[in-house]
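Taking it in order: structure first as structure tokens, then the write-up.
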């Protein structure tokens with residue numbers, strides 16, 4: 001099985017070449033005259049005021065968190081799905097229990113009003 | 001008849017033949033992708049132009065503007081790369097490279113034709129999902145590295161949308177895996193005696209919607225809406241670095257159409273023609289056993305299906321308006337994810353209850369019936385919900401609030417019919 | 001030979017970025033180095049014939065948890081170029097403690113997996129994983145999740161754990177009343 005993944009490792013080692021080549025060509029072909037006015041941060045044409053920070057809404061964190069939960073659930077469900085032909089009837093109950101527990105979590109988040117985008 | 005077999009025939013069975021075959025395949029895939037994007041951009045511009053009742057590029061390279069994209073690429077290559085002040089050097093430069101790398105890496109498991117695949121991993125679909133989720137992080141890097149409030153905000157919103165729609169995509173891809181009993185892409189093609197599009201259409205639709213959102217295309221293209229947040233997380237990128245983000249988006253869209261064709265439409269196989277042939281008593285065609293000719297025909301079939309789905313992507317872009325960000329996220333978490341979870345349970349239970357060895361057509365129609373049942377139940381729930389809310393608003397004497405969720409639109413449309 | 005080079009390379013990447021995580025001043029760069037070390041661990045899983053686990057590591061750690069960590073950093077720090085002091089006043093004691101635990105761990109592990117060649121390995125017969133799983137069969141892994149004699153109880157407990165994590169995080173992160181938003 002490692003032999004299969006060797007292809008992927010080779011691909012990962014070679015893949016940076018393909019985006020790097022145009023970027024490097026661009027650096028060679030394009031003009032290079034840096035100038036503080038050109039390098040100002042873009043803010044619709046107005047000068048920036050103050051340091052760069054944004055008011056971080058907690059919604060972003062909640063969505064990422066629910067995604068982590070469902071991601072780990074997917075990691076468990078994929079091998080079971082791949083082995084589905086060889087499982088007995090009792091496996092349905094176990095899988096259903098697993099999915100329902102996580103659906104309860106989603107339902108709790110929904111009822112708490114956490115999934116609204118304020 | 002794969003490339004490795006060909007090389008073995010020429011050079012004999014030596015250890016470095018594998019390496020050469022892998023290198024050739026990597027370079028072929030990557031070069032093919034970089035070159036076909038030129039065609040794809042031209043195609044999109046022409047088709048959308050026709051949908052908008054205009055002509056599109058028609059000056060560069062003849063009457064059809066065929067070399068327009070080449071001219072654009074040359075223009076991008078000669079632009080100055082302006083690095084904004086205060087941008088983090090490492091992160092700012094790594095983000096576009098990583099995005100294109102992730103977009104290229106997923107193609108390693110795409111089955112182009114029998115024998116023409118990068119590597120047939122036994123966890124093919126799972127590998128695709130993993131690499132797609134790595135490309136989500138690069139968006140955040142790009143937004144952060146630009147040292148720009150709006151890029152950062154655009155990056156946050158983009159990540160919120162991308163991360164939310166990963167969930168229904170992962171769960172919708174579970175259904176073909178349950179039906180095919182394998183995660184490898186070639187295995188799923190071979191297990192489709194009936195295309196899964198007709199067997200579990202709900203899973204296909206959900207996957208299609210999440211693919212639209214994952215690649216950031218209309219109606220979910222808030223990530224880069226020119227009129228909303230002025231190009232979002234890649235405001236501060238110029239020249240070819242911006243070109244890299246653009247490239248990654250097109251490669252990603254083509255990949256999603258290819259994946260849809262493989263997982264739901266039978267890939268390089270022709271299941272419907274095979275069904276008709278067996279119905280009339282003839283032998284079904286199997287391109288895997290037909291040598292080089294089979295490879296070429298299979299390649300043609302796969303490309304036809306992939307571009308068919310890609311044209312649907314373009315069609316949707318030319319037709320539908322953009323959805324608001326809170327509508328996007330509400331639609332995902334309150335409609336798509338619950339319905340996908342229900343669908344997985346129903347498909348899993350049904351597939352176990354069907355005794356093994358029943359006719360494929362019977363199995364397919366049972367799954368189709370269950371999907372239609374789920375859709376009807378959902379529409380009924382939405383309809384009741386909408387009616388109840390309307391009654392409450394009428395009784396309260398106030399006007400109904402603006403449409404809050406995309407689900408409400410579906411209920412309205414269903415009710416109107 | 002190829003595996004040796006790969007192993008050395010992965011070790012350098014993983015340990016190097018782990019050191020950067022712990023010692024770097026800029027929190028955001030530290031989070032990025034953490035992502036690189038996750039990728040290094042995924043590479044290790046590949047060399048151990050655990051392709052599914054490598055993909056799971058990419059999917060969960062780099063695709064989800066790194067984003068969560070970066071969001072948490074942004075939630076608690078206002079400036080983008082925030083710098084932290086990596087070492088505090090207890091660094092002498094902590095180095096001694098770290099070396100002591102390393103020595104203890106090495107002694108304990110050497111009890112069960114002796115380093116000397118051709119010595120007896122007491123734990124060798126105690127592997128609970130089937131051979132098919134060790135060779136990378138995902139179907140076998142899936143079967144072991146629902147097999148009553150295998151791992152079904154940890155499997156269900158994992159879902160309870162995830163549920164507890166979700167509920168707990170919502171309780172902690174979400175403001176109690178609307179005025180506290």
Exactly one of B:170, B:188 is surrounded by 24 or more Cβ atoms within 10 Å (Cβ to Cβ), within 14 Å of the chain's Cα centre (by Cα) and within 14 Å of chain A (Cβ to nearest Cβ), and that residue is B:170
Note on residue B:114: of the conditions (1) at pLDDT below 90; (2) surrounded by fewer than 22 Cβ atoms within 10 Å (Cβ to Cβ), unmet is (2)
Of B:74, B:105, the only residue that is surrounded by 18 or more Cβ atoms within 10 Å (Cβ to Cβ) and out of contact with any strand residue (DSSP E or B) (no Cβ under 9 Å at 6 or more places or on another chain) is B:105
The lone condition residue B:128 fails out of (1) over 20 Å from residue A:17 (Cβ atoms); (2) more than 15 Å from the chain's Cα centre (by Cα); (3) part of a helix (DSSP H, G or I) is (2)
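Okay, residues lined up against (1) under 19 Å from the mean Cα position of the chain (by Cα); (2) farther than 25 Å from residue A:37 by Cβ:
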residue: B:68; (1), (2): no, yes
residue: B:80; (1), (2): no, no
residue: B:93; (1), (2): no, no
residue: B:102; (1), (2): yes, yes
residue: B:144; (1), (2): no, no
residue: B:148; (1), (2): no, no
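So that you can scan it fast, the table gives a plain yes or no per residue for (1) in a helix (DSSP H, G or I); (2) in the same structural domain as residue B:268 (by TED's automatic domain parsing); (3) more than 30 Å from residue B:275 (Cα to Cα):
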site: B:308; (1), (2), (3): yes, yes, no
site: B:314; (1), (2), (3): yes, yes, yes
site: B:331; (1), (2), (3): yes, no, yes
site: B:341; (1), (2), (3): yes, no, yes
site: B:345; (1), (2), (3): yes, no, no
site: B:348; (1), (2), (3): yes, no, no
site: B:357; (1), (2), (3): no, no, no
site: B:369; (1), (2), (3): yes, no, no
Condition set farther than 13 Å from residue C:52 by Cα, at pLDDT 85 or above and touching a helix residue (DSSP H, G or I) at 6+ places or on another chain (Cβ under 6 Å), scope segment B:120-136, selection surrounded by the most Cβ atoms within 10 Å (Cβ to Cβ): answer is B:133
Worksheet item: Among the residues of segment B:23-33, is any surrounded by 18 or more Cβ atoms within 10 Å (Cβ to Cβ), within 28 Å of the chain's Cα centre (by Cα) and more than 14 Å from chain A (Cβ to nearest Cβ)?
Response: no
Filter pass, residue C:125 being farther than 30 Å from residue B:164 by Cβ, part of a helix (DSSP H, G or I), at pLDDT below 75 and more than 14 Å from chain B (Cβ to nearest Cβ):
yes
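The values are calculated or read from the model by the stated rules, or taken from the named source; none is laboratory data. No experiment lies behind these values; they were computed from the predicted model shown. Note that each Cβ is placed from the backbone with ideal geometry, even for glycine, and that neighbours are counted across all protein chains shown.
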